[in-house]
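The structure under discussion appears below in the form of structure tokens.
The values are calculated or read from the model by the stated rules, or taken from the named source; none is laboratory data. Nothing here was measured: the structure is a model prediction, and the numbers come from that model. Quick reminder, even Gly has a Cβ in these numbers, built from the backbone with ideal geometry, and neighbours come from all protein chains shown. Side chains are part of the model used for accessible areas, which takes the heavy atoms of the whole protein and leaves out ligands, DNA and RNA. Shrake-Rupley method; radii C 1.70, N 1.55, O 1.52, S 1.80 Å.
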Amino acid sequence: GMNAAVRAVTRMGIYVGAKVFLIYEGYEGLVEGGDNIKQANWLSVSNIIQLGGTVIGSARCKAFTTRAGRLRAARNLVEHGITNLCVIGGDGSLTGADIFRSEWGGLLEELVRDGQISEEVARENCHLNIVGLVGSIDNDFCGTDMTIGTDSALHRIMEVIDAITTTAQSHQRTFVLEVMGRHCGYLALVSGLASGADWLFIPESPPEDGWEDLMCERLGETRSRGSRLNIIIIAEGAIDRSGKPISSNYVKDLVVQRLGFDTRVTVLGHVQRGGTPSAFDRVLSSKMGMEAVMALLEATPDTPACVVSLSGNQSVRLPLMECVQVTKDVQKAMDEKRFEEAIQLRGRSFENNWNIYKLLAHQKPAQEKSPFSLAILNVGAPAAGMNAAVRSAVRIGICQGHTVYVVSDGFEGLSKGQIREVGWHDVAGWLGRGGSMLGTKRTLPKTCMEKIVENVRKFNIQGLLVIGGFEAYEGVLQLVEARGQYEELCIIMCVIPATISNNVPGTDFSLGSDTAVNAAMESCDRIKQSASGTKRRVFIVETMGGYCGYLSTVTGIAVGADAAYVYEDPFTIHDLKANVEHLTDKMKTDIQRGLVLRNEKCHEHYTTEFLYNLYSSEGKGIFDCRINVLGHLQQGGAPTPFDRNYGTKLGVKAVLWMSEKLQEVYRKGRVFANAGDSACVIGLRKKVVAFSPVTELKKVTDFEHRLPQEQWWLNLRLMLKMLANYQISLTEYISGKMEHVTRRTLSIEKGF
């Protein structure tokens, strides 16, 4: 994701009229100067967004840790008149930048004394502004939700786990997987949660003494229940209660000696740092790069050095040293064996991940049998992550002592009585599966209401969890509106939005949209590659999404598209003409390829065919065109780490909410719920997981086009246009606010 950040900072800098320099080889290039500092233009950062690593190089630098080294660095910057520095790196690099900034005045004085610069030059460059972007695959920087590179590293880990799972199942093996994370267990934790690993070792929470017996007992137990494999995930920095390292080989030998299982160790190593960046990382870095430039423009000598971060889907600025301080506090807590505190300092979502992992990994007998029955179904088109949500919902329901039913084929299956009770182990191995294991249909309840009511009564269902797209929301709304006729529908209902279109009201992100964006992005990367071979070619790519332009907009940002046509951002023939002219100009440069995305229903008359004909005739003799319709490949594929994790969390939160509501409306042995808040959509809104009553959401829904009336992602379109070199006004750009990082802010529930 670093390249996407370099590209965004460079282009945004040029866009606002600044001179932009790229410094090659990190601080080393800053100290050495010379050819390592080059002025950039718009094309310097073309065609790099899809590359892993960083095209400007990065190096650990001994010299910069000394004052003499920083003196040389200051001189090199002053020579180019550079007084704004954007640093992309981990906490070491960012702390170095802060020291550099605090010494700046003194360094300039010294350069003046030594006669290396004049007093006038020192006056012109008297202040250095710094902004940081956190690039670290460990996600170990406190205060930031996600650091650049974390999501891509998780993609690599999950690809390996999926591949290993198939071989382990064939041979009935146990695998010990060692992932990176010397001081931070984030990668191990999230990949453990997203793969349903049997046992997990993280530095923040060493296992209790005597863990060897417990672990072997658990592994034996899962095998005797019919599982053909065990997966153990261990962070490279794993330790026991006394602070002694636990190595992957020690764990392997233990399993072999005690259980005699065929056991293998896989150390993932630097695979995790490589490969093409995921869509999340590309969009995150582009957003943060843009915000970084704004932060530098708005900086004054009195504003503290800040890091730009993402909180939910909002850009924020955090004081650099506050983050560094809390990050150090975590390490100190671990060194002093205050492990509970270490986990809390990592932030609320880390703590949540850990608790949910422990809850779902092994069945614990319910305290008591509850009187309630829940039914779970999938509705609408298949979306990746549905199975993860079903798995966690089933398991939490069982933990709570409820009777849990699953329904095949959506509302139609509910009307036909395709309902069966499930146990803990029936959903084992569902996490990484794409599509819908239960089967799903688009049928709405109003076509078979009588029969649905009959089965709700017959199976005594008091809670209905519907996982699906717009039809799931519309279906639950129909059930709620039929409560007046049928008392049986006065039950607790919850919708988990799951659709590649991301068009369900009540949430910023639907389950499955991250996987779909990644699928569309990978296809577009390949299309772009073919175009750079043939030269002077423009591809017109059609994406899915119904009337919702989320998929094409976000994919457009992730692949650096020239335009993305969507229904929500109306366009006329004048806009199309401007786009054709834009591409004609582009063909005169070194970049002789174009990529235009079109959402399938963005315009009644300007179809994909129409665009192809228009571009072909207008571009005659300058470029030629090709059409690609991505189609159903956007619906398939294994879920991304984000969707597995998000699905798991939504499943857990939804069932816990339903249990709470059931208790509230349980009177004299029966459930009667008819308040508005007894049927809700669960979703991530800005920074928190929220429940919105379907009757309230009805007021803000455009049913004809199946869209929420307000959509947060429309402000991403500014970024898409700016990065594609269109002249747009930035008056609509919303700058991130400065927020503080303290123990209190870390304890706030984020929902990611």
- Close pairs from the range 142-158: first at positive phi, partner assigned to a helix (DSSP H, G or I), Cβ under 6 Å, at least 6 apart: G143/C323
- Query: Taking the range 456-471, which residues are farther than 18 Å from E660 by Cα and outside any helix (DSSP H, G or I)?
  - Reply: F459, N460, I467, G468, G469
- Note on the structure: Only unsatisfied item for V131, checking (1) touching a strand residue (DSSP E or B) at 6+ places or on another chain (Cβ under 6 Å); (2) surrounded by 23 or more Cβ atoms within 10 Å (Cβ to Cβ); (3) modelled with pLDDT under 95, is (3)
- Message: Can you tell me which residue is farthest from the chain's Cα centre (by Cα) among those in the range 201-214 that are farther than 16 Å from K364 by Cβ and hydrophobic (A, V, I, L, M, F, W, C)?
- Response: W211
- Criterion (open to solvent by 40 Å² or more (accessible area, probe 1.4 Å), out of contact with any strand residue (DSSP E or B) (no Cβ under 8 Å at 6 or more places or on another chain) and more than 27 Å from T303 (Cα to Cα)) met by exactly one of E25, E79, E119: E25
- When you go through (1) open to solvent by less than 10 Å² (accessible area, probe 1.4 Å); (2) in a loop (DSSP other than H, G, I, E, B); (3) not basic (K, R) one by one for V495, which number turns out not to apply? (2)
- Contact list, first residue from the range 11-29 and in a loop (DSSP other than H, G, I, E, B), second anywhere and among the charged types (D, E, K, R) and surrounded by fewer than 18 Cβ atoms within 10 Å (Cβ to Cβ), beta-carbon distance below 9 Å, six or more apart or interchain, is Y24/D35; Y24/K38
- Of (1) open to solvent by less than 30 Å² (accessible area, probe 1.4 Å); (2) under 22 Å from M719 (Cβ atoms); (3) among the β-branched types (V, I, T), I14 satisfies all except one. Which? (1)
- What do you reckon, is G401 open to solvent by less than 10 Å² (accessible area, probe 1.4 Å) and in a loop (DSSP other than H, G, I, E, B)? yes
- Based on what the data block shows, is Q331 of a type outside the set (A, V, I, L, M) and touching a Gly at 6+ places or on another chain (Cβ under 7 Å)? no
- Subset tally (residues that are of a type outside the set (K, R) and either surrounded by fewer than 24 Cβ atoms within 10 Å (Cβ to Cβ) or part of a loop (DSSP other than H, G, I, E, B) (or both)) for the range 176-194: 7
- Would you please name the residue that is nearest to Y473 (Cα to Cα), looking only at residues in the range 346-380 that are among the hydrophobic types (A, V, I, L, M, F, W, C) and modelled with pLDDT of 95 or more? V379
- Message: Restricting to the range 558-598, give me the number of residues that are among the acidic types (D, E), outside any helix (DSSP H, G or I) and either at pLDDT 90 or above or touching a Cys at 6+ places or on another chain (Cβ under 6 Å) (or both).
- Response: 3
